[in-house]
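Here's the structure, in structure tokens; my notes come after.
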Amino acid sequence: MASEIQSPKQKSYDVVIIGGAMYGSSVAWWTGRNPDFDGSILVVERDPTYEFTSTSHTNSCIRQQFSNEVNIRISQFGAEFIKNFRSFFDNDERVPEIVLQSYGYMYLADNDEFAQTLKESQETQQKLGSGTKHMSAAEIKEAYPFYNMDDILVGNHNLIDEGYFDGNTIFDWWKRSAREHGAEYIHNEVTAMGMNGDGTKVDTVTLQSGDVVSCGKVVNCAGPRAVVVSRMAGIEIPVEPRKRYTYIFDAEQPLDRDLPLTIDPIGVHMRTDGQYYLAGCPMSIGGAEDIAPDYDDFEQDHSLWEQHVWPIIATRVPQFEAIKLVNSWAGHYAFNTLDQNAIIGPHSKVENFIFVNGFSGHGFQQSPAMGRGVSEFITYGEYRTIDLSAFGYERIEKGEKFVEKAVI
Ligand SMILES: Cc1cc2nc3c(=O)[nH]c(=O)nc-3n(C[C@H](O)[C@H](O)[C@H](O)COP(=O)(O)OP(=O)(O)OC[C@H]3O[C@@H](n4cnc5c(N)ncnc54)[C@H](O)[C@@H]3O)c2cc1C
């Protein structure tokens, strides 16, 4: 049950974060623990059950297999963070260690153009130290005999720092530890913003409770609702909710080894999920248009599993002819319609409005590096570890895409 709406304790905060899920908590934690930051943080969350967030519907996977160098560096730090989780909390014994189950992603190419893309991406990844291997169809078949490779030319696979991790534990500890470092979380909703005279600064945020709070900086961590929040400051961003379905199934004859997160060219991905298997796909898998649903629409199209998803799965892995669906859900990506990549950092005109938006399908794994980078920007006015300026709002204004060829 959701708690009562809460008023903030103060009238003014140095940083007001809108949305307290994976990103709101990452930014609050990284900022609050930095000894160079001596300000106050308010995190406003409209639904503290987090039931309908992207964070609660995620598939929680991480990959090194990006084509863009910045995204690769972000993932490298993501893996370092996961594998050394407790050490980032000063070896606090209450904090568990997290396992990165590195069964890898398997990208499969069924045409020459994508085969070439995979080859080039593998070269970029290898240059940066990632363990991706570019494999022939025969090599893939030898390593994973259960695949039907009839239509496949080549694939990319990486068994290092790539696979599943328990992102919920990270989220829980960010939230808990951010509070311990002084961030105030409240159940409330930001409904409006008050601007200064020439519209270059957000002076206040208004809450559903009627409270009006002054803010030094305002950070948009509203997930699929990012544009609803940015419009309060008169700003448009190309971020929409997009429905993505997840299915958990049991196999009558389980595979004799882990199923890598397999990106089938037909648009379904699947992987090992403990004793079960997980498959995911966009709502367009049955031929429908991939349009923005209503923010509260999480309805499933149950016909998709029988008519489209299962046949695709069973074609790629014939052993999956005999499977039973055990669970399924619909979640929303915060989909950046320009280039399916993050929008990070300040607005060009409203300089105290900071974006942390548009992660599409790879936000979970990017949350350690992106949260750290945004906290650097909040504290120092610049990125000090990974330069995230390529994700800045300027490209949105100019309509210039951040080029990333590996998008799921
Ligand atoms: C089906 C699915 C599978 C995915 N799989 C992966 C994966 O395998 N790997 C990966 O890296 N990423 C994956 N992602 C993406 C990842 O889950 C998201 O990028 C990430 O969770 C985004 O977190 P967020 O905090 O930005 O957004 P959200 O989790 O949606 O949180 C936004 C928060 O803002 C709050 N909010 C909104 N408006 C207001 C307001 N006005 N006032 C106060 N609060 C407000 C909301 O209540 C919510 O709690 C997946 C996403 C989905 C949907």
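Among the trypsin sites (Lys or Arg not before Pro) in segment 316-408, which ones are in a DSSP loop with at most 15 other Cβ atoms within 10 Å of the Cβ? Mind listing them?
Lys349, Arg384, Lys401, Lys405
Placing a label point 7 Å from the Cα of Glu51 along the Cα-to-Cβ line, the residues of segment 294-322 whose backbone N sits under 14 Å from it are 296-299. Between Glu120 and Ser348, the modelled label-to-label distance comes to 2.7 nm, taking each label 7 Å out from Cα in the direction of the beta carbon.
Shown for segment 55-166: the carbon plus sulfur share of the solvent-accessible area, taken with all protein chains present and a 1.4 angstrom probe, equals 45%. Relative to one another, the C-alpha centroids of segment 338-386 and segment 90-127 are positioned 22 Å apart. For segment 304-334, the set of chymotrypsin sites (Phe, Trp or Tyr not before Pro) satisfying both a DSSP loop assignment and a count of at most 16 other C-beta atoms within 10 Å is empty. Amide H to amide H, with H built 1.01 Å from N, Leu259 comes under 5 Å of Thr272, counting only residues 5 or more places away or on other chains. Here the gap between Glu236 and Leu325, fully extended at 0.36 nm per residue and compared with their Cα-Cα distance, gives a gain of 28.0 nm. Between Gln300, Ile160, Thr272, the Cα set farthest toward the positive side of the dipole of the chain (charges on each charged residue's Cβ, about the Cα centre) is that of Ile160. Once you reduce segment 245-312 and segment 66-89 to the center of their Cα atoms, the two points are 26 Å from each other. The distance from the alpha carbon centre of segment 172-208 to that of segment 143-157 is 49 Å, rounded to a whole number.
Can you bin every Cα-Cα distance in segment 13-163 into 10 Å intervals starting at zero and give me the percent of pairs per bin, rounded to whole numbers? All Cα pairs, binned at 10 Å, distribute as 10, 27, 30, 19, 11, 3, 0 percent.
Rg/Rh for segment 302-405 stands at 1.17; both radii use Cα atoms, and Rh follows the Kirkwood definition. Relative contact order of the chain: 22 percent, from C-alpha pairs under 8 Å at least 6 residues apart in sequence. Applying a threshold of 28 Å to the alpha-carbon distances of Lys83/Lys401; Lys127/Lys405; Lys83/Lys127 flags Lys83/Lys401 as lying beyond it. Dividing the summed helix terms, -39500 (n - 2.57) for each DSSP H run of n ≥ 4, by the number of residues in the chain produces a 222 nm estimate of -7500 deg cm²/dmol to the nearest 500. The chymotrypsin sites (Phe, Trp or Tyr not before Pro) of segment 134-175 that meet both conditions, a loop assignment by DSSP and at most 16 other Cβ atoms within 10 Å of the site Cβ, are Phe146. Partner lysines whose Cα lies under 28 Å from the Cα of Lys11, excluding those fewer than 8 positions away in the same chain, are identified as Lys175, Lys201, Lys217, Lys349.
The mean of 1/r over all pairs of different alpha-carbon atoms in segment 90-166, once inverted, gives a Kirkwood hydrodynamic radius of 14.0 Å. In a reduced charge model with +1 at each Lys and Arg Cβ and -1 at each Asp and Glu Cβ, segment 263-348 shows a dipole moment near 440 debye about its Cα centre. Here the chain carries DSSP beta bridges of which approximately 70% are antiparallel, counting only pairs with both residues inside. Overall, the chain carries a charge dipole of about 740 debye about its Cα centre when +1 sits on the Cβ of Lys and Arg and -1 on the Cβ of Asp and Glu, all other atoms neutral.
Rolling a 1.4 Å probe over the protein heavy atoms gives the chain an accessible area of 42 Å² per residue.
The values are calculated or read from the model by the stated rules, or taken from the named source; none is laboratory data. Predicted, not measured: the structure shown is a model, and the values here were computed from it. In this analysis, Cβ positions are derived from the backbone assuming ideal geometry, glycine residues included, and neighbour counts consider all displayed protein chains. Only protein heavy atoms, including side chains, enter the accessible area calculation; ligands, DNA and RNA are left aside. Shrake-Rupley method; radii C 1.70, N 1.55, O 1.52, S 1.80 Å.
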